[in-house]
1. What number in nm² do you get for region 2-86 if you take the convex hull of its Cα atoms and divide its surface by four?
2. Going through the cross-link list K554/K590; K392/K590; K327/K590; K306/K599; K99/K139; K2/K139, which pairs have a Cα-Cα distance over 21 Å in this structure?
3. Over region 1-81, calculate the relative contact order: mean separation of alpha carbon pairs under 8 Å at least 6 apart, over the residue count, as a percent.
4. Suppose every K and R has +1 on its Cβ and every D and E has -1 on its Cβ; what is the size of the dipole of the chain about the Cα centre, in Debye to the nearest 20?
5. Mean projection of the alpha-carbon convex hull of the chain over all orientations, in nm²?
6. With all protein chains present and a 1.4 Å probe, how do D421, D539 order by accessible area, largest first?
7. Could you pull the accessible area for M411 with a 1.4 Å probe, rounded to 10 Å²?
8. Within a Cβ distance under 14 Å of K99, other residues only, what is the Lys/Arg minus Asp/Glu net charge?
Amino acid sequence: MKAKDLTIDEKLTLLTGDGNWRLERLGGKLPELFFSDGPCGLRTVREGEHALKATAFPTPSALASTWNRALAREMGELLGEEAIEREVDVLLAPGVNIKRTPCNGRNFEYFSEDPYLAGELAYEYILGVQSKGVGTSVKHFAANNREYDRFYQSSEVDDRTLHEIYLPAFARAAEAKPWTVMCAYNLLNGVYCSEHKKLLKTILREELGFDGVILSDWGAVVDRAKALKATLDLEMPHSDAAFARLKEAYARGEITDGEIDASVDRLLALVEKAQKARPLRKVLHTASERHEAAVRIAAEAAVLLKNDGALPLCEGERVFVCGKKAKTGVFGGGGSSCVDSDFSPAPLEELLRKEDPSLAVDGREICFHDWGELHGLFGLREGIVLARNADKAIVVVGCDADTDCEGCDRMQLTLSPVEEDLIRHIAAVNRQTVVVVYGGSAVDMSGWIDCVNAVLYVNFNGEGGNEALAKLLTGAENPSGKLQESFPLVPIASARGNTFTDVYSEGVFVGYRGYDAAGSSVLFPFGHGLSYSQFVYSDLTVHPSEEGFEVSLKVKNVSGRAGKEVVQLYAGQKFPLISRPVRELKGFEKICLAPGEQKRVVFSLSLRALAYWSPALDGWRTEEGEYTLSVGSSSRDLRLAADVWVHVPDAPSTRAPK
Ligand code: BGC
């Protein structure tokens, strides 16, 4: 079916949804096309029903902490299968916005502060979901980086910053051919994203080559006719006003048949694509296999930030576990991504006993709201005695769906005073205190980190979190997660803008790009994460290749324990003609090494990857000159480096080397 086969009323009807989650069926002319959130599990709400039960996978920021492309693909496939079971056609995910500041209440739904990492994982996730014949919706396009006043504020971003930081993850995602893209609530440089023709048509469709359906975020359309002119195909959810507005605009000649037909044809093509993909819709895994995968992903997502030897736990040790979050863990943040899972995890202490029966584990929730409460105080006193008598104490704390939630931003990066006090009280009586921290974004640990022996940052890791945690603490699993964002030392002002505009004055210097340019210390750098194994890097070689360079090195596991390492490649231009970050992530590989095993890791680095967006040339430019290529275990633990001269034929003149 094509637009020409429909009446004008049918066409205009199709441009706004049917209810909350469906495309209009035009009285049975079209089959159903059903949408569901996304991104950490299925939140399927059929009219008049509560959300259906589903697997709560780790959140995207947890997935990104795995730095594991294969896991992103697998999680996508499993989400696709769950969508099939729930008769969902398009999953409203993944969100690929940049974690511009740790204060964004929705950071847990996003992958990283780094566009390359975010893009790589989004690409795999999309391929995974869509391999099952289920579509995706890459969101929220674009520069949607905080929640406060999210419907009204304009993100003021210059062109270079937009192209280098806020668009690349969408560009990479577009290469995976997502069926749909969802526009953001905010304005971009004074124009609502839903009606931003340059953003939607020129950039997304023409520059990034996206040829699918653009749909609105729920309620993001201000003027349906203007949105149509910007090539926004579908307003969600249904709005009577949208139909009336389109009809009136059509009667007045403000919108043309050509504009209407183009959007209608894209919507009809989406329906056809979903029908044609039906043979791919095969469920190959059971619910319990999905749960097992959620446990595996959660285990790889945990980042061992500090370890002065308390971890892993040793055979026969007496262990004391406390903290309210040790009971069920924290599945995810709050808002539309919240998954209703019917899995109820066993408490951590029980799982530790199961994982290693030689351990003597005692646990207390130490439930309190205020130390002044008698009950809380007694609990704390008892906890202190138990912690003193244990070989090791594990304190489980962190953020949750109340602190990290769609619709509002975090006001502070510290834990609650009560949780900080708990850590300090326990650490005062047990020198082998391990702190497990939940979070959707960076946490300020400066008030207590020096008092504790080890810190494991587990993200928001879904329904399998506690099982994964027990394996990591006992050493049955070896931590291999790396931070997908910097943990700053200085307090970050909550990025609130002035309720009208939010000026992106830091430009391209977001996250580690900013800290490195300023030479400032951080609590933990981007890419950081320890292991129970040790890895040695050697033999870096850089050879010119057809595309640019082939960078290769060897990594050896010099410990007696099998482990995984994320080898990171960074590049930076030495004397650029324009201010540029000192270094930027250009490649990563996660490798698994048996004790004593050595592997060669090879990266292919294109000249294009070394480019910056030149406002002067209105395009990407790789400058001729000297670049430093470095490889390492984090952005600030660079083990090997080489300087290379990059020759760019036919490039604009470069300053001659002195
Ligand atoms: C969120 C989207 C979500 C949609 C539907 C909006 O409020 O911003 O991410 O997909 O609701 O639940």
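The values are calculated or read from the model by the stated rules, or taken from the named source; none is laboratory data. Keep in mind it's a predicted model, so treat the numbers as computed, not measured. Heads up, the Cβs are rebuilt from the backbone with ideal geometry, glycines too, and the neighbour counts pull from every protein chain shown. Calculation scope for accessible area: heavy atoms of the full protein, side chains included, ligands and nucleic acids excluded. Shrake-Rupley method; radii C 1.70, N 1.55, O 1.52, S 1.80 Å.
1. On the way: hull surface 29.8 nm².
Its Cα hull, projected and averaged over all orientations, spans 7.5 nm².
2. On the way: K554/K590 13 Å; K392/K590 31 Å; K327/K590 31 Å; K306/K599 26 Å; K99/K139 14 Å; K2/K139 27 Å.
K392/K590; K327/K590; K306/K599; K2/K139, as the Cα separations exceed 21 Å there.
3. Numbers: 64 pairs, mean separation 12.2, N = 81.
With pairs under 8 Å counted, the relative contact order is 15 percent.
4. On the way: 75 positive and 94 negative charges, 190 e Å.
The dipole magnitude comes to about 920 debye.
5. On the way: hull surface 121.7 nm².
For the chain, averaging the hull's shadow over all directions gives 30.4 nm².
6. Details: D421 50, D539 75 Å².
Putting D421, D539 in descending order of accessible area: D539, D421.
7. About 120 Å², rounded to the nearest 10.
8. Values: positive: R100, R106, R146, R410, R513; negative: E109, E113, D114, E147, D404, D409, E485, E506.
Once positives and negatives cancel, what remains is -3.
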